[in-house]
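See structure below.
Any read-out appearing in this document is the output of simple, stated calculations on the displayed coordinates, not a laboratory observation. None of the values given here were measured: they were computed from a predicted structure. Glycine gets a Cβ as well: all are built from the backbone with ideal geometry, and neighbour counts include every protein chain shown.
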Amino acid sequence: MSQREDAARKVREWRTNAVKFAWERFGFDPDPWQKQWLDVLPDPERHRMALKACKGPGKTAVLAISIWWFLTTQGEIGHHPKGAAISISRENLRDNLWTELASWRARDDYTQRAFQWTKERIFSTDHPDTWWFSARAWSKSAKTDEQSNTLAGLHSKYLLFVLDESGGIPDAVMVAACRPCRADTSLRCYKPATRRTCRVRSIERAPRSVTCGL
Ligand SMILES: Nc1ncnc2c1ncn2[C@@H]1O[C@H](COP(=O)(O)OP(=O)(O)OP(=O)(O)O)[C@@H](O)[C@H]1O
Ligand SMILES: [Mg+2]
């Protein structure tokens, strides 16, 4: 088997097995609740995933692994994966999820070659214009309709929205990512104590949704 065929076979294998991807690429050994999340992640029937856990056990880390899994294994010729992440603030995103993405990437030569990391964007080395994941921010002082544009305007057959600390993100910002009828995927994590915003559009009750956690 040529090197290229071998790589393609691996990607096909990881596409349906995110736990194997996490271990073989980054040496990420999930705790049982993180494994539960990674087990569900490849399920095409689950478009809305929420991760609920207390302070500090590794929510953001498993979101970062999930983003690398998405960027590495999803897409097809002519349809590259893309997505965006938000958190409660630009600074929170930079210091948490964006830093986690960098530190897991630093553990893997392949990911370092295949994807470039910058403060605003991750992009494929070979297809920088069409295969990317961006850091976005919303303004607390903006009007509701302006906030709802934070995640708007992204189109792809393979689209991922990630919301870290989603308990502190207003519904107006979340709306583009959390519509149950949309075909793209959204991953959220929050601490139960701050589960303020999602009561109405509760991910747990939306079709094709799942909640994992501690
Ligand atoms: N399975 C794991 N293997 C190795 N390191 C891990 C694992 N899970 C989490 N970590 C590390 O533990 C630290 C804390 O994790 P993380 O920041 O993801 O927690 P969190 O639940 O998002 O915290 P917070 O509630 O403060 O947002 C990070 O340095 C992360 O890389
Ligand atoms: Mg976190």
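Orientation-averaged projection of the chain equals 11.4 nm² [convex hull of Cα atoms, one quarter of hull surface area]. Among the GluC sites (Glu not before Pro) in region 1-46, those located in a DSSP loop and surrounded by at most 15 other Cβ atoms within 10 Å of their own Cβ are E45.
Take the Cα of D109, step 7 Å toward its Cβ, do the same at E5, and the gap between the two points is 2.3 nm. With helices as the sole contributors, the chain gives -10500 deg cm²/dmol at 222 nm; each DSSP H run of n ≥ 4 counts as -39500 (n - 2.57), and the sum is divided by every residue.
Loop-located GluC sites (Glu not before Pro) in region 73-158 (DSSP state other than H, G, I, E, B) with a sparse environment of at most 15 neighbouring Cβ atoms within 10 Å: E120. Considering region 57-140, its Cα convex hull presents a mean projected area of 5.8 nm².
The residue among G168, I65, P81 whose Cα reaches farthest toward the positive pole of the charge dipole of the chain, with charges on the beta-carbon of Lys, Arg, Asp and Glu, is G168.
Straight-line cross-link partners of K52 among the lysines, defined as a Cα under 18 Å from its Cα and at least 8 positions apart when in the same chain: K35, K191.
Select from region 119-188 those trypsin sites (Lys or Arg not before Pro) which occupy a DSSP coil region and have at most 10 other Cβ atoms within 10 Å, ordered by residue number.
Passing both the DSSP loop test and the Cβ count: K119, K140, K143.
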